[in-house]
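In what follows, a single structure is set out as structure tokens and then discussed.
The values are calculated or read from the model by the stated rules, or taken from the named source; none is laboratory data. Just so it is clear, the structure is predicted and the values come from calculations on it, not from any experiment. FYI the Cβ positions are ideal-geometry reconstructions off the backbone, even for glycines, and counts take in every protein chain you see.
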Amino acid sequence: MNVSPRQRFLSYVRDPKSSPQVISPFLPHPEVIKETLIYLQLPVTDDDIKNEITLAQELDYEPMFMTECSGLIFNWQVDESRSVDDFAVKVINTKKGEWVRRSPLEEVPWNDDAGCPVQTVADHEMLVFVCEQVGGREYEIRDYFRNWRQRVGEDGVIVIGHPHPSWLGYQINPSNIFYHWNDNRQVFSRSMDAVYEASLFVMSIAIEEGVDFNERFQLWSGDDVSCAFRDNGPALHSEVCGMDP
């Protein structure tokens, strides 16, 4: 009986001692995959998932794909009318009005130049409002994960990205984490709790729609979702989850 790449991967994770070892490099750079396909004289398409499945079949490995997590909670939309030069104005509508951020038009890695929106106590309040309203976007989030499962099928495994509650889902600059944690610990903790609860909601949908792992490569089952938050820093993790990392 032929076993799919997805089933081979899952079998190995469940029982590595008695299952054949799998090879599954994480290749998040579609252009590298395209160049490799061209080098191997294999067909290239505009579908990044299909391209990696083609490469995996040729090189005999089990492909692994990673989805969004915090981006599904913080669904920033660019306001073209207010964006200028090299900076974009992005907004999220909440029950308390617009939450606005100004960031480089071209996304930059998460750092102090990334234009993260949480700068003040008022921004923490807006973050909480956004997290609390994520339930209203269930069908949109469900469609997102369902589409991933349909596109990948049984040709690979799907991993959901880490929500990073102690980083407020990438909504705060690294240096501000230190300042806000020390200057407004109660406010910061409330924001982490909000990200945590919103992430549980998103992850519960991911489980139902066929996502295989969280980013720590734990198979979904029972209370595994709470274990997904083993974040950077024992104190922060303990504050959010109430458990040792």
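Brief remarks follow.
- Hits in the stretch 171-196 (condition: part of a helix (DSSP H, G or I), crowded, with 18+ Cβ neighbours inside 10 Å and either free of Cβ contacts under 8 Å to residues at least 12 places away in the same chain or not aliphatic (A, V, I, L, M) (or both)): ASN176, ILE177, HIS180, TRP181, PHE188, SER191, TYR196
- Residue within the stretch 28-50 that is surrounded by fewer than 17 Cβ atoms within 10 Å (Cβ to Cβ) and at pLDDT below 85 present: yes
- Test result for TRP110, modelled with pLDDT of 90 or more and of a type in the set (Phe, Trp, Tyr): no
- Filter result for the condition that a residue is out of contact with any Asp or Glu (no Cβ under 9 Å at 6 or more places or on another chain), more than 17 Å from VAL195 (Cβ to Cβ), at pLDDT below 95 and surrounded by 13 or more Cβ atoms within 10 Å (Cβ to Cβ), over GLY71, GLY115: GLY115
- Selected residue (only one of LEU10, LEU42, LEU27 is assigned to a loop (DSSP other than H, G, I, E, B), closer than 17 Å to VAL152 by Cβ, of a type outside the set (D, E, K, R) and not assigned by TED's automatic domain parsing to the domain that holds ILE160): LEU27
- Flag if ASP123 is modelled with pLDDT under 95, out of contact with any strand residue (DSSP E or B) (no Cβ under 6 Å at 6 or more places or on another chain), of a type in the set (Asp, Glu) and over 22 Å from ASP212 (Cα atoms): no
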